[in-house]
Structures are given as structure tokens and as C-alpha cells.
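Asks: Mind having a look at this structure? Questions to follow.
Each reported figure results from applying straightforward, stated rules to the coordinates on display, with no laboratory input. Note that this is a predicted model, so its numbers are computed, not measured. As a convention, Cβ positions derive from the backbone with ideal geometry for all residues, glycine included, and neighbour counts pool all protein chains shown.
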Amino acid sequence: MGEMVEVKRPDGKICPAYLVEPKAGAAAPGFVMIQEWWGLNDQIKGMAERLAGEGYRVLVPDLYRGEKATTPDEAGALMGALDFADAGKQDVRGCVQHLKKTSAKVAVGGFCLGGAVTVIAAVHVPEADAAVCFYGIPPATVADPSQVKAPFQGHFANVDDWCTPAAVDGLEAALARSGASFEIHRYQAQHAFMNEARPDVHDAGSAALAWQRAKDFLDRTLR
């Protein structure tokens with residue numbers, strides 16, 4: 001189980017975050033995990049605990065500052081009110097800097113809304129050593145993927161009306177111009193296929209394959 005901690009952002013403000021330490025302790029590599037549009041709920045905490053079980057220090061910034069959604073309407077309202085650029089450049093960067101006090105390398109990654117913020121962080125957080133994005137793409141005006149510097153891995157669903165296959169093609173083309181090493185994986189599944197709390201869209205096979213690919217990528221880039 002993890003604990004809530006207070007993280008100092010680059011601008012000096014405080015971001016609450018959920019920290020899970022692995023058995024290896026404070027010297028282990030770090031991962032800043034970014035929530036879906038539901039907020040810092042039990043499902044994302046469970047994902048953090050799962051990754052900590054693989055030997056990573058995991059810190060999940062509470063982008064909604066304690067608010068959580070249980071319906072798509074509530075989630076849409078919370079996501080609509082979120083300043084994505086601030087979340088990436090301040091909350092996530094502060095969390096990366098927090099972990100880097102003792103971890104030599106730290107990656108960022110997230111799901112849905114968190115996937116979009118991952119791309120923002122990959123462009124605007126110079127301390128990030130790698131990025132893992134699950135089905136999220138921000139507007140190019142907020143973050144241009146051709147400016148990504150660190151190794152990048154993306155996981156996308158072929159049945160997704162937000163991160164459509166065409167939008168993923170655009171992301172891939174931009175990453176190809178970045179000069180960074182990157183890999184894009186596509187799954188015959190629906191948006192949010194990693195979320196086991198959503199039986200309507202969860203795809204166990206795709207989720208297991210994506211998790212293994214992400215673990216292998218983190219082992220290569222952080223260890």
C-alpha cells in the first residue's frame with residue numbers, strides 16, 4: 001500500500017500525490033504514473049501498487065486535488081476544467097524531480113487523460129528519462145511530439161474515437177521527426193482496454209501484452 005505525500009512543484013506550489021515504494025527502496029528507478037479522467041481512484045492506485053511490485057518507485061500526482069468521478073459526465077467535467085499544460089509542466093515535473101532526489105532514472109506514463117499529459121511531459125519535462133503513453137494525445141499546440149527527447153513507447157487501441165488510428169499515425173509521424181527512439185503498439189481493442197474496472201472495454205489479452213511491453217521498455221531505459 002502507498003501513502004499520500006506532498007510534492008513541491010517547480011513554481012513552489014504543492015501537489016498531493018500517492019507514493020508506493022518497492023522493496024528495493026528509495027534507490028530504485030522511479031515512475032510518475034498519471035491518472036485517467038476519473039481521478040486518483042482505487043483503480044489507478046492499484047496500477048501503481050502493481051508496478052511497485054515490479055521494483056519501481058511509483059508516484060501518482062492527484063491532478064484533481066481530491067476530486068474523483070464515478071460517471072462519464074463527472075469525469076468529463078473534471079477533465080474539461082483541468083489545465084493540461086500546468087498538469088504536465090508543474091505537477092508531473094514536480095513529481096519527477098521529487099523521485100530524482102534518490103532515484104537515478106525516472107520515467108513518466110499514464111492512461112487516457114494521463115496519456116495525453118505523458119506526451120506533454122515527454123516534451124516539457126527535461127528530467128524525464130523515458131515515457132510510456134496509453135491511448136492519449138494532447139493538442140499539438142500544447143505539446144509537439146516532434147520535440148520529444150527521451151525514449152518513448154505508445155500503446156493505442158484500434159477502436160477509439162478520440163485517439164483514432166489516423167491520430168496515432170500523426171503522432172507516429174511527428175515522433176519520427178523528433179530523433180528520439182520510439183515504438184508505437186496498436187491493439188485490436190477499445191479505448192481504456194487496460195482498465196480492469198471497466199469490463200465493458202477491458203481486454204485481458206491486450207492489457208497483458210501491453211503491460212509486458214511496458215515492463216520490458218522500462219527495464220531497458222531505466223535499469
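Asks: Student exercise: in the chain, how many lysine pairs 8 or more apart or on different chains have Cα atoms under 13 Å apart?
Replies: 5
Asks: Calculated FRET efficiency, Asp169 and Glu49, Cβ-Cβ r, R0 35 Å, to nearest 0.05?
Replies: The computed FRET efficiency comes out at 0.50.
Asks: Indicate, rounded to the nearest 5 percent, the antiparallel portion of the DSSP beta bridges found entirely in the chain.
Replies: Approximately 30 percent, going by the DSSP bridge assignments.
Asks: Give the shape of the stretch 110-183 as rounded, prolate or oblate, defined through the alpha-carbon gyration tensor: a ≥ b ≥ c are the square roots of its eigenvalues, a/c under 1.5 means rounded, and otherwise the shape is prolate if a/b is larger than b/c and oblate if not.
Replies: Judged from the Cα gyration tensor, the stretch 110-183 comes out prolate (a/c at least 1.5, a/b above b/c).
Asks: So between Ala204 and Ala104, what do we pick up on full extension, going 0.36 nm a residue minus the alpha carbon distance?
Replies: Extra length available between Ala204 and Ala104 comes to 32.7 nm.
Asks: Gap in Å between the Cα centre of the stretch 87-112 and the Cα centre of the stretch 119-192?
Replies: Computed from Cα coordinates, the inter-centre distance equals 17 Å.
Asks: First check a/c for the chain, with a ≥ b ≥ c the square roots of the eigenvalues of its C-alpha gyration tensor; if it is under 1.5, answer rounded, and if not, answer prolate when a/b is larger than b/c or oblate otherwise.
Replies: rounded
Asks: Amide H neighbours of Val132 under 5 Å, at least 5 residues apart or on other chains, H built in the peptide plane: list them.
Replies: Val108, Gly109, Gly110, Gln153
Asks: Rounded to the nearest 20 Debye, what is the dipole magnitude of the stretch 3-222 about its Cα centre when Lys and Arg each give +1 and Asp and Glu each give -1 at the C-beta?
Replies: On the way: 21 positive and 28 negative charges, 168 e Å.
The dipole of the stretch 3-222 has a size of about 800 debye.
Asks: With θ set to phi - 60° and the Karplus curve 6.51 cos²θ - 1.76 cosθ + 1.60, what are the ³J(HN,Hα) couplings of the stretch 85-97 in order, to the nearest whole Hz, using x for Gly and Pro?
Replies: 4, 5, 4, x, 7, 10, 4, 5, 4, x, 5, 4, 4
Asks: Per residue of the stretch 148-154, in order, report the coupling 6.51 cos²θ - 1.76 cosθ + 1.60 (Karplus, θ = phi - 60°) as ³J(HN,Hα) in whole Hz, putting x for Gly and Pro.
Replies: 5, 10, 8, x, 10, 10, x
Asks: So what is the 222 nm mean residue ellipticity for the chain from helices alone, if each DSSP H run of at least 4 adds -39500 (n - 2.57) and you divide by all residues, rounding to the nearest 500 deg cm²/dmol?
Replies: -10000 deg cm²/dmol
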